[in-house]
């Protein structure tokens, strides 16, 4: 494998473009396959943060990549909703608030991909 040194402007710009493509792929596949947040972070670590294309960039260019990643993480919240499991059953957003409601019967609350039970976090 050829190591990237990012010694010229052309190499630096090519590295940034390549890294952004990898980031787009990671988030696109996460949305399609309902990948967990921790797995997204692991993919970013493996494909971006430990990549020579990233580690050899100057700090001001690394911050551009980090900003791009943070923006994509924020956009992920458009594909999520906060839901609950009550008394062993998935109830979604609709907790049964009535006279018989018992707080201790809430088994779990989590972010999931919209219209699924696939937990994000």
Please give the helix 9-33 orientation as an angle from the longest Cα principal axis of the chain, in degrees from 0 to 90, rounded to the nearest 10. 20 degrees
For the chain, rounded, prolate or oblate, judged on the Cα gyration tensor with a ≥ b ≥ c (square roots of eigenvalues), a/c < 1.5 rounded, else prolate if a/b > b/c? prolate
Per the C-alpha gyration tensor (a ≥ b ≥ c, the square roots of its eigenvalues), the range 13-78 is rounded if a/c is under 1.5, else prolate if a/b beats b/c, else oblate; here it's prolate
Shape call for the range 71-119 from the C-alpha gyration tensor, a ≥ b ≥ c root eigenvalues: rounded (a/c under 1.5), prolate (a/b greater than b/c) or oblate? prolate
Residue of 48, 91, 83 that the Gaussian network model of the chain assigns the largest fluctuation, springs spanning Cα pairs under 10 Å: 91
Over the chain, what is the mean sequence separation of C-alpha contacts under 8 Å (at least six apart), divided by residue count, expressed as relative contact order in percent? 24 percent
Length gained when the stretch residue 60-residue 11 is fully extended (0.36 nm per residue, less Cα-Cα span): 16.1 nm
If packing is taken as the average count of other Cβ atoms within 10 Å, what order do 27-36, 103-112 fall into, highest mean first? 27-36, 103-112
Between residue 39 and residue 95, 0.36 nm times their residue separation minus their Cα-Cα distance comes to what? 17.3 nm
Add -39500 (n - 2.57) for each DSSP H run of 4 or more in the chain, then divide by its residues: what number comes out at 222 nm, to the nearest 500 deg cm²/dmol? -14500 deg cm²/dmol
What is the gain in length, in nm to one decimal, between residue 21 and residue 87 on full extension, counting 0.36 nm per residue of separation less the C-alpha to C-alpha distance? 19.4 nm
Helix 59-76 sits at what angle to the longest principal axis of the chain, using alpha carbons and giving 0 to 90 degrees rounded to 10? 30 degrees
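Since every read-out is calculated from the coordinates, none of them should be taken as a lab result. Remember, it's a predicted structure, so these values are computed and weren't measured experimentally. With ideal geometry, Cβ positions are generated from the backbone for all residues, glycine too; neighbour counts draw on all protein chains shown.
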